[in-house]
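The values are calculated or read from the model by the stated rules, or taken from the named source; none is laboratory data. What you see is a predicted model; the values in this text were computed from it and never measured. A quick note on method: Cβ atoms are made from the backbone with ideal geometry, for glycine too, and the neighbour counts reach across all protein chains shown.
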Amino acid sequence: MSRVLIRNVSVLVVPEQGECRVDEAQDIHVQDDRIVAITPTGGLAAPGAPGTREPLFEVIDGDGLLAVPGLVNSHTHSPMVMMRGAAEDLAIEDWFNRRIWPMEVNLTAERVRVGARLACAEMLLGGVTTFVDHYFHADQIAAAAIESGIRADLAPTFFSSAGQDAIDAAFEMTRDLSTRHPRITASLGPHATYTVTDEDLRRTADRADGRRIHLHAAETVDQTRASVEKHGVTPIQVLERTGVLEAGALIAHGCGIREEDLPILQRYADRTTVASCPKVYLKLAMGEVTPIKGLRSAGVDVGVGTDGAAVHNTLDVWEAIRMVALTQKQREHDAEWMTLSDTLRLATRGSAAAAGLTDQIGVLEPGRQADIALVDLSAPHNQPIHDPRAALVYSVRASDVVTVLVAGQVVVRDRQLTTMDLTEVLAEAKDLAHTLVDLSQGGAVQHYAP
Ligand SMILES: [Zn+2]
């Protein structure tokens with residue numbers, strides 16, 4: 001049995017509704033993978049928690065630090081860190097057709113493994129304790145996640161153009177990954193409504209067997225318009241008629257979700273979530289951002305993600321959280337919408353739901369997984385602090401994270417990874433990066449024409 005006591009720390013409290021707050025001078029008691037108690041510092045020891053005669057595994061001094069639920073990256077393609085900065089100043093068509101899909105011809109298990117290790121290192125050092133991934137060679141990503149100590153939901157990804165054997169192999173890998181490690185869950189990963197046929201989406205829903213389907217849909221207003229012109233239905237209606245919503249879906253982006261889609265999504269709100277990654281929408285000039293206000297009124301949970309670093313350039317979820325607050329205020333022309341509390345709730349409870357881990361992560365309270373980031377707000381860019389919640393949304397940096405626990409294990413201590421040799425991770429990535437962005441082979445894994 002392992003025990004960790006985080007002593008004398010401030011704790012971010014995120015209620016289901018109403019204002020978030022920070023409780024000062026708290027002790028967080030962790031036993032094995034869970035939080036067992038949060039008590040005022042200097043108070044009586046919690047029942048069954050340290051303070052009794054049993055030896056402690058580790059005491060972490062939380063003085064001057066703020067404990068927040070470990071962040072969740074609710075939609076990403078982690079190995080794409082290998083393409084960071086290799087597809088800039090392009091519209092979405094050229095980004096896919098001239099760069100990303102031609103580059104992905106170069107994907108190998110080894111290159112994915114190296115990219116995923118770099119991604120896990122970046123995320124853990126920035127306080128991200130769970131990522132929801134959607135990519136190829138997902139077994140390699142699972143290995144990197146297990147090694148690094150991070151938690152992950154992995155969706156082995158496929159296009160219809162890859163053929164039935166490849167699709168069956170992706171289904172098989174989802175099944176296999178589901179049983180590999182307590183920190184790993186798996187979803188089904190059709191790429192998108194415009195790259196996977198209705199027939200294959202139906203097969204995916206039929207094979208779901210209680211697992212979620214993670215895919216891109218209604219990414220832009222243009223995609224929705226094209227879908228209506230070609231098929232007479234919106235992408236969300238495609239998800240309904242193929243059984244994807246019935247099975248349970250994590251929809252990436254949804255910027256093209258229309259008013260008429262909201263009642264449909266509302267019917268499946270108990271099993272449907274949407275991930276919003278607004279830096280990508282701004283950078284690719286996609287026109288609209290996720291209609292979070294409409295989705296929340298329909299009871300649909302929304303999480304925050306980065307998408308892949310080939311467009312987001314970082315896997316910094318703090319940056320994504322800030323972008324959500326800014327773009328939502330702008331979208332609604334309402335500075336009183338997406339308040340500090342709304343934003344923090346989206347980033348914690350919303351993202352936990354998007355990860356399929358409601359009640360497991362996303363909140364610091366007894367019974368939940370001990371996924372905790374300790375943040376140091378003493379740097380000049382955060383000082384002085386009139387409202388620590390404002391610091392978390394608008395001024396904190398990933399490098400302000402000092403200590404990170406996942407499932408009760410200290411994976412970052414004093415800004416250093418405890419699980420991987422960062423120098424080696426960086427050297428491997430640097431060695432292989434050029435092989436991934438080489439366009440000399442020709443060809444592409446897919447063509448973007450929604
Ligand atoms: Zn994506």
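When you go through (1) within 16 Å of the ligand (Cβ to nearest atom); (2) in contact with a helix residue (DSSP H, G or I) (Cβ under 7 Å, 6 or more places away or on another chain) one by one for F159, which number turns out not to apply?
Among (1) within 16 Å of the ligand (Cβ to nearest atom); (2) in contact with a helix residue (DSSP H, G or I) (Cβ under 7 Å, 6 or more places away or on another chain), the lone unmet condition for F159 is (2).
Considering only residues that are crowded, with 21+ Cβ neighbours inside 10 Å and not aliphatic (A, V, I, L, M), which ones fall in segment 21-30?
Residues satisfying the conditions are Q26, D27, H29.
Find the residue count for segment 1-16, including only residues that are out of contact with any Ser or Thr (no Cβ under 9 Å at 6 or more places or on another chain) and touching a residue at least 60 places away in the same chain (Cβ under 8 Å).
Of the residues in that region, 6 qualify.
So, in segment 203-217, exactly how many residues are buried (at least 16 other Cβ atoms within 10 Å of the Cβ), among the charged types (D, E, K, R) and away from the ligand (no atom under 16 Å from the Cβ)?
Count: 3.
Of the residues that make up segment 302-316, is at least one out of contact with any His (no Cβ under 6 Å at 6 or more places or on another chain), hydrophobic (A, V, I, L, M, F, W, C) and more than 16 Å from the ligand (Cβ to nearest atom)?
No, segment 302-316 contains no residue that is out of contact with any His (no Cβ under 6 Å at 6 or more places or on another chain), hydrophobic (A, V, I, L, M, F, W, C) and more than 16 Å from the ligand (Cβ to nearest atom).
Take segment 176-190 and flag every residue that is in a loop (DSSP other than H, G, I, E, B) and surrounded by 23 or more Cβ atoms within 10 Å (Cβ to Cβ).
Of everything in segment 176-190, just one residue is in a loop (DSSP other than H, G, I, E, B) and surrounded by 23 or more Cβ atoms within 10 Å (Cβ to Cβ), namely S187.
Here's the yes/no breakdown for (1) closer than 30 Å to L417 by Cα; (2) touching a strand residue (DSSP E or B) at 6+ places or on another chain (Cβ under 7 Å):
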site: L154; (1), (2): yes, yes
site: S161; (1), (2): no, no
site: A170; (1), (2): no, yes
site: P182; (1), (2): yes, no
site: S187; (1), (2): yes, yes
site: D198; (1), (2): no, no
site: H214; (1), (2): yes, yes
site: T220; (1), (2): no, no
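Could you please give the count of residues in segment 394-426 that are under 18 Å from A309 (Cα atoms) and buried (at least 17 other Cβ atoms within 10 Å of the Cβ)?
Residues flagged as under 18 Å from A309 (Cα atoms) and buried (at least 17 other Cβ atoms within 10 Å of the Cβ) within segment 394-426 amount to 2.
Evaluate the following for S74: is it at pLDDT 95 or above, closer than 26 Å to E122 by Cβ, of a type in the set (S, T, N, Q) and more than 16 Å from the ligand (Cβ to nearest atom)?
So S74 fails the test.
Could you list, ordered by first residue, the pairs with Cβ atoms under 6 Å in which the first is in segment 251-278 and closer than 22 Å to L188 by Cα and the second is among the hydroxyl-bearing types (S, T, Y) and not in a helix (DSSP H, G or I), at least 6 apart or interchain?
G254/T290; C255/T220; C255/T290; L265/T272; A275/S74; S276/T290; C277/T306
Give all pairs with beta carbons closer than 6 Å in which a residue from segment 427-439 that is surrounded by 12 or more Cβ atoms within 10 Å (Cβ to Cβ) meets a residue that is of a type in the set (K, R); count only pairs at least 6 apart in sequence or on separate chains.
Close Cβ pairs satisfying both conditions: L432/R111; L436/R111.
Cβ contacts < 6 Å: first residue assigned by TED's automatic domain parsing to the domain that holds Y281 and of a type outside the set (A, V, I, L, M, F, W, C), restricted to segment 325-346; second residue crowded, with 18+ Cβ neighbours inside 10 Å and not in a loop (DSSP other than H, G, I, E, B), any location; separation 6+ or different chain. Result?
T327/P278; Q328/I292; T343/A325; T343/V393
Being at pLDDT 95 or above, touching a strand residue (DSSP E or B) at 6+ places or on another chain (Cβ under 8 Å) and assigned to a helix (DSSP H, G or I): is that true of A352 here?
yes
Quick one: which of R345, R331 is in a helix (DSSP H, G or I), of a type outside the set (V, I, T) and touching a Lys or Arg at 6+ places or on another chain (Cβ under 9 Å)?
Exactly one of R345, R331 is in a helix (DSSP H, G or I), of a type outside the set (V, I, T) and touching a Lys or Arg at 6+ places or on another chain (Cβ under 9 Å), namely R331.
Quick check on segment 138-145. Is at least one of its residues within 16 Å of the ligand (Cβ to nearest atom), on the phi < 0 side of the Ramachandran plot and either buried (at least 24 other Cβ atoms within 10 Å of the Cβ) or modelled with pLDDT of 95 or more (or both)?
Yes, because at least one residue in segment 138-145 is within 16 Å of the ligand (Cβ to nearest atom), on the phi < 0 side of the Ramachandran plot and either buried (at least 24 other Cβ atoms within 10 Å of the Cβ) or modelled with pLDDT of 95 or more (or both).
Keeping to segment 246-261, report how many residues are under 24 Å from L344 (Cβ atoms) and away from the ligand (no atom under 14 Å from the Cβ).
Residues meeting the conditions: 1.
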